[in-house]
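J.: So that we are looking at the same thing, I have put the structure below in structure tokens.
Taken together, the values in this text are just the output of simple stated rules run on the coordinates, not laboratory data. Keep in mind it's a predicted model, so treat the numbers as computed, not measured. Positions of Cβ are generated from backbone atoms using ideal geometry, with glycine treated the same way; all protein chains shown enter the neighbour counts.
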Amino acid sequence: MKRISVFCGSSPGASSLYLEAGEKLGSHLAKEGITLVYGGSKLGVMGSVANAALQAGGKVIGVIPKMLMERELAHTNLTELIVVNTMHERKAKMEQLSDGFIVLPGGPGTMEEFFEVYTWAQLGEHQKPIGMINANQYYDKLLAFFDHMIQEEFLKPEYHSMVIVEQDPQELINKFRTYKPPLLTKWITSEQT
């Protein structure tokens, strides 16, 4: 595991626990020798992850769309800053660069990034681990909604288990190292057609 993409908010959120979770993850990635790949902002939870990784001696690659670069949101002290044209290019580049993905608290943009790589995993476009740091129980309602999706037969239980949920970055990275994707070959059974 050489590089991990982290999806998170450019806002600090309502609780200091969100920034603390970002700092803890960034520091831990650096100590493990794992390069952080993230959205390139200096603000919010994004900035806390990057700053902690850099302060712990880690490498940090930011991937930022030109429109956000022009608004002066980019972190200027990274190991590398890749400027792309669109948000779509950002996600594609982050996926290409990474061996796994971790989501911290964030808003709709974070959710969109998370759900895209999660969908790609379900479709077999990648077999990389996906983790969630559920700081301050931020994702409890989303996880409950996954259970509802299973109950209503819109999500297979095996696909729910593709998202590794932890509070502690060490535990999450340990599970990443032993991750095996589910071996499901069919989305729809013959009874459903």
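J.: In percent, how large is the relative contact order of the chain, given Cα pairs closer than 8 Å and 6 or more residues apart?
T.: Working: 350 pairs, mean separation 40.0, N = 193.
Taking the mean separation of contacting Cα pairs over the length of the chain, I get 21 percent.
J.: Based on the Cβ-Cβ distance of ILE82 and ALA14, what FRET efficiency does E = 1/(1 + (r/R0)^6) give at R0 = 25 Å, to the nearest 0.05? The partial results should precede the final answer.
T.: Working: r = 31 Å, r/R0 = 1.23.
E between ILE82 and ALA14, to the nearest 0.05, is 0.20.
J.: OK, next. With a ≥ b ≥ c taken as the square roots of the eigenvalues of the C-alpha gyration tensor of the chain, please select rounded if a/c is under 1.5 and otherwise prolate if a/b is larger than b/c or oblate if it is not? Numbers along the way, then the final one.
T.: On the way: a/c = 1.74, a/b = 1.60, b/c = 1.09.
Because a/c hits 1.5 or more and a/b exceeds b/c, the chain counts as prolate.
J.: Once each part is reduced to its C-alpha centroid, what is the distance from region 1-20 to region 44-81 in angstrom?
T.: Rounded to whole Å, the Cα centres lie 12 Å apart.
J.: Still on this structure, please answer the following. Scan around ARG3 for amide H atoms under 5 Å from its own, H built in the peptide plane at 1.01 Å from N, and keep only partners 5 or more places away or cross-chain.
T.: THR35, ASP99
J.: Sticking with this structure for a sec: Once you order the gyration tensor axes a ≥ b ≥ c over the Cα atoms, which shape class does region 43-95 get: rounded for a/c under 1.5, otherwise prolate or oblate by comparing a/b with b/c? Don't skip to the answer; put the middle values down first.
T.: Working: a/c = 2.11, a/b = 1.57, b/c = 1.35.
Prolate, because a/c is 1.5 or more and a/b exceeds b/c.
J.: Still on this model: Taking the Cα centre of region 55-193 as origin, work out the dipole magnitude from +1 charges on Lys and Arg Cβ and -1 charges on Asp and Glu Cβ, in debye rounded to 20.
T.: Working: 13 positive and 19 negative charges, 77 e Å.
Computed charge dipole of region 55-193: roughly 360 debye.
J.: List the residues, sorted by chain then number, that are 5 or more residues from VAL84 or on another chain and whose placed amide H is less than 5 Å from its amide H.
T.: Here the answer is ILE64, LYS66, since their amide H atoms fall under 5 Å of that of VAL84.
J.: While we're on this one: Work out the count of Lys pairs in region 1-115 where the Cα-Cα distance is under 22 Å, with the pair 8 or more places apart or on different chains.
T.: 17
J.: Okay, moving on. What fraction of the DSSP beta bridges in the chain is antiparallel, stated in percent and rounded to the nearest 5? Let's see the in-between values first.
T.: On the way: 1 of 22 bridges.
Bridges in the chain that DSSP calls antiparallel: roughly 5 percent.
J.: Shape verdict for region 1-43, please, from the Cα gyration tensor: rounded (a/c under 1.5), prolate (a/b greater than b/c) or oblate. Write out the running numbers ahead of the final one.
T.: Details: a/c = 2.96, a/b = 1.61, b/c = 1.85.
Oblate.
J.: Ignoring everything except DSSP H segments at least 4 long, calculate the 222 nm mean residue ellipticity for the chain; use -39,500 (n - 2.57) per segment, divide by total residues, nearest 500. Intermediate results must be reported in sequence, preceding the final value.
T.: Numbers: 8 runs with 84 residues, N = 193.
After summing the helix terms and dividing by the residues of the chain, the value is -13000 deg cm²/dmol.
J.: Sort 109-118, 55-64, 19-28 for me by packing, meaning the mean count of neighbouring Cβ atoms within 10 Å per residue, highest on top. Spell out each step's value before the answer.
T.: Numbers: 109-118: 17.6, 55-64: 19.4, 19-28: 22.8.
Highest mean packing first, the order is 19-28, 55-64, 109-118.
J.: In sequence order, what are the phi-derived ³J(HN,Hα) couplings for region 162-169 according to the Karplus relation 6.51 cos²θ - 1.76 cosθ + 1.60 with θ = phi - 60°, rounded to whole Hz, with x for glycine and proline?
T.: Rounded to whole hertz, the list is 5, 9, 8, 9, 8, 9, 9, x.
J.: In addition: Apply the Karplus curve 6.51 cos²θ - 1.76 cosθ + 1.60, θ = phi - 60°, to the phi angles in region 98-106 and return the couplings in whole Hz, x for Gly and Pro.
T.: 10, 9, x, 9, 10, 10, 9, x, x
J.: Let me ask another. What FRET efficiency would be calculated for the residue pair PHE145, MET67, taking the C-beta separation as r and a Förster radius of 35 Å, to the nearest 0.05? Could the numbers behind the result be given before it?
T.: Numbers: r = 31 Å, r/R0 = 0.89.
That gives a FRET efficiency of 0.65.
J.: Pull up all non-local amide H partners of VAL103: gap of 5 or more, or a different chain, and H-to-H distance under 5 Å with H placed in the peptide plane.
T.: It is PHE7, GLY131, MET132, ILE133, by chain and number.
J.: Roughly how many Å is it from the Cα centre of region 168-183 to that of region 107-146, as a whole number?
T.: Region 168-183 and region 107-146 have Cα centres spaced 14 Å from each other.
J.: Now a separate question. Determine ³J(HN,Hα), in whole Hz, for all residues of region 54-67 in sequence, where each value follows from phi through the Karplus function 6.51 cos²θ - 1.76 cosθ + 1.60 and θ = phi - 60°; x replaces Gly and Pro.
T.: 5, 5, 8, x, x, 9, 9, 10, x, 10, 10, x, 3, 4
J.: I've got another one for you. Residues in region 133-148, backbone N under 13 Å from the label point at PHE154 (7 Å along the Cα-to-beta-carbon vector): list them, ranges by number please.
T.: Inside the label zone: 145-148.
J.: What residue among HIS75, LEU142, HIS126 has its Cα farthest toward the positive end of the dipole of the chain, where the charges are +1 on Lys, Arg and -1 on Asp, Glu, each on the Cβ?
T.: Of HIS75, LEU142, HIS126, it is HIS75.
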